[in-house]
Amino acid sequence: MDVHPKGSRARVLLSSVFGPYAQDDEFGSRSINPMELYHNQVTRVQGSFSLRMFHRSWGIMLIQANISAPCTVLDFPTRDGFAHELTTNHYDIVGISSIIVNVGKVREMCRMVRKLSPRSVIVVGGHVAAIPGLDTMVDADYIVRGDGISWMRRYLGEDQHAPIRHPNIVSGLQTRIMGVCLPQRKGSTAATIIPSVGCPIGCNFCTTSAFFGGKGKFVNFYETGDELFDVMCRVESDLRVQSFFVMDENFLLHRGRAMRLLERMKQTHKSWELSVFASANAIRKYTMQELVELGISWVWMGLESPRSRYSKLQGADIRQLTRELREHGIRVQGSTIIGLEHHTPDNIIEEIESAIACQTDFHQFMLYTAVPGTPLYQEMADKGRLLADVDLADIHGQYKFNFRHVAISRDDSKRLLDWAFWHDFECNGPSLYRMCRTMLQGWQRYKNYPDPRVRERFAREVKKLRSAYNAALWVMEREFKKVNRSVSKQIHDLRREVEKEFPVIARLTSALLGPILLWCARLEEKRLASGRTYEPPTFVERRNWGSAS
Ligand code: B12
Ligand code: SF4
């Protein structure tokens, strides 16, 4: 590969694609695709109870932190903002980060760079690079598949094997629920830690696994528990956090690393809280005690389907596992796939019901989707089953199939998906309530646990439950009567139980704060009904900029 003639003196701009996002437009924005994790694909039908927040573009933040060239990260720019940055500063390299749905924006941004900064080299990276023939769709000089840190280091003539420097990342921003924006105090939000990218299990539909090498492969930024521990200690002190969102597709799969991390946490009395992604077979490698001591408080886990044959699910009784996790205070975010090969109109309802019966705290439903770059895409292409006229902006699993399913029509795929979200909400209630239930179970089980680190963690978590969350329970109990009286009764019972544990503070907050929250939630419902959407703010961050010439 060539090295840029200016090497590490080259000025680099790294940008995410431009907004606004939560609207339908000619560049591929879609109103069903807001720049929000929960509201996009988890709690999207939960109205004012939906958890709303934004996440930064971590890929470009990581690249910026690991090159010594002067570099600007421009996150969530507007189109005008991107043009302004290109014309007010000279950039030798413009890197654009995108996923597949936003390819139309990448095309437009390349066009803008050629016009406004014709001497810049254009590099396109991120999942969009998995589109076959992307080089004929966008005017870029380089299209980078896989890890961008090592690529950018090589291109700048730097050591691609140098240790990875982890930036300080606040995991979410502008969190909002029931019409209330949570205060953004230092330390109040978890920090994101990215130990690796990719997953060696290699499920046929999985785009992240495929993008970083597929089955048997992944890219490790931190090999050992010791390295990870050191990074977490630094971030803990810089951001004053004890809570970490671990962005690793299958964190618990690497047992040696996780157990060494636990050892170090115990030695140094760290009462950390970890939110992780993990497959059922990986979770099963640990006892509940190990998970709890490691601080696992939230786990995102693929439930896929009771009859699917994915190796990660072999031998796991999913319903029992999810129940057990919740009984130990671990919030579960389940993910179910709709439209697997064996699904038919006769069995799909039963499978959705079975997923909902797991009563996970959060539930993502996704359509089985042939995403470019995955083995499933190749298989569907080989069998001539890809639908030719589907816009790339609509290939993401939250709209309709992009391939011919043997038993379910494209329109029915959307109906089933929407129904699954509704039915889960109707049967199980708002995720906020479910989370409170799991938190109480954890507290009751572990408040007298011998390890003080564990006690401290549950005591920290329960502070929210006995105050603001109890007031939220009061609101949910009232509002949910309109949807499902029996769930409303369950919320009532939970609230009573919380008040039994914390008689003074819990009663006081629900009595004082409850009515205010109810008013905020109803106002939010009105805003949402009138079409209100939310967009992330723009970030401009410069590094090594003093040395820029
Ligand atoms: C956080 C996240 C989000 C955030 C937004 C983040 C953002 N600011 O854009 C939210 C929650 C809003 C979100 C929304 C969506 N997301 Co999302 N998201 C993720 C998630 C969980 C983490 C991304 C991440 O930071 N990873 C860690 C970093 C380090 O990895 P990375 O981004 O891939 O970056 C590396 C390389 O790709 C490369 N690279 C990245 N950028 C660049 C740029 C250059 C110049 C170079 C050289 C290299 C390079 O180098 C990096 C370091 O190795 C991933 C899953 C995952 N595990 O990655 C899904 C994922 C990226 N999302 C996905 C999708 C589909 C969506 C949605 C459409 C939702 C949906 N319906 O599924 C929406 C779209 C929103 C929109 N309008 O754009 C898919 C993308 C599939 C694809 N092949 O394109 C993923 C992979 C999830 C999945 N498995 O399906 N998402
Ligand atoms: S276990 Fe999860 S992350 Fe790993 S390949 Fe399968 S779907 Fe992807």
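Listing for the model above:
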quantity	calculated
Label-point gap, in nm, between residue 162 and residue 383 - each point 7 angstrom along Cα→Cβ	4.8 nm
Rounded to 5, the percent of DSSP beta bridges in the chain classed as antiparallel	25 percent
Which of 399, 91 has the fewest Cβ neighbours within 10 Å, and the rest in rising order	399, 91
Antiparallel bridges, percent of DSSP beta bridges restricted to the range 119-249 (to nearest 5)	45 percent
Ranked 116, 51, 321, criterion: other C-beta atoms within 10 Å, fewest first	116, 321, 51
Per-residue [θ]222 nm for the chain (sum of -39500 (n - 2.57) over DSSP H runs n ≥ 4, rounded to 500)	-12500 deg cm²/dmol
Residue 309 paired with residue 407, simple spin-label distance in nm, labels 7 Å along Cα-to-beta-carbon	1.5 nm
The range 262-288 versus the range 168-210: alpha-carbon centroid distance in Å	17 Å
Summed side-chain charge close to residue 9 - residues other than residue 9 whose Cβ falls under 13 Å, Lys, Arg +1, Asp, Glu -1	0
Cβ-based exposure ranking for 368, 286, in which fewest neighbours within 10 Å come first	286, 368
Within straight-line cross-link reach of residue 6, aspartates and glutamates at Cα separation under 13 Å, skipping those fewer than 8 residues along the same chain	92, 158
Where trypsin sites (Lys or Arg not before Pro) fall in DSSP loop in the range 170-255, at most 16 other Cβ within 10 Å	185, 186, 215, 217, 240
Proximal charge balance of residue 183 [Cβ under 14 Å; K/R count +1, D/E count -1]	+4
Gyration tensor (alpha-carbon) shape descriptor, the range 226-311, a/c threshold 1.5	prolate
Cysteines not pairable in the chain (beta carbon separation under 4.7 Å absent)	71, 110, 181, 199, 233, 358, 427, 436, 520
Residue pairs, from the table 463/500; 481/526; 400/481; 270/463, whose Cα atoms sit over 24 Å apart	400/481
Cα gyration tensor shape of the range 1-157, rounded if a/c is under 1.5, else prolate or oblate by comparing a/b with b/c	prolate
13 Å beta-carbon shell around residue 365, net charge (K/R +1, D/E -1)	-2
In order through the range 206-220: 3J(HN,Hα) via Karplus (6.51 cos²θ - 1.76 cosθ + 1.60), integer Hz, x for Gly, Pro	7, 6, 6, 5, 4, 5, 10, x, x, 3, x, 10, 5, 10, 9
On Cα atoms only, tilt of 503-529 relative to the major axis of the chain in degrees	50 degrees
Förster radius 35 Å - calculated FRET efficiency between residue 478 and residue 288, Cβ distance, rounded to 0.05	0.50
Euclidean distance between Cα centres, the range 334-375 to the range 381-406, Å	16 Å
For the chain, alpha-carbon Rg relative to the globular expectation (2.2 N^0.38 Å, N residues)	0.97
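Read-outs: derived from the displayed coordinates by stated rules, not from any lab. The shown structure was predicted, so the numbers you read here are calculated from the model rather than taken from an experiment. FYI the Cβ positions are ideal-geometry reconstructions off the backbone, even for glycines, and counts take in every protein chain you see.
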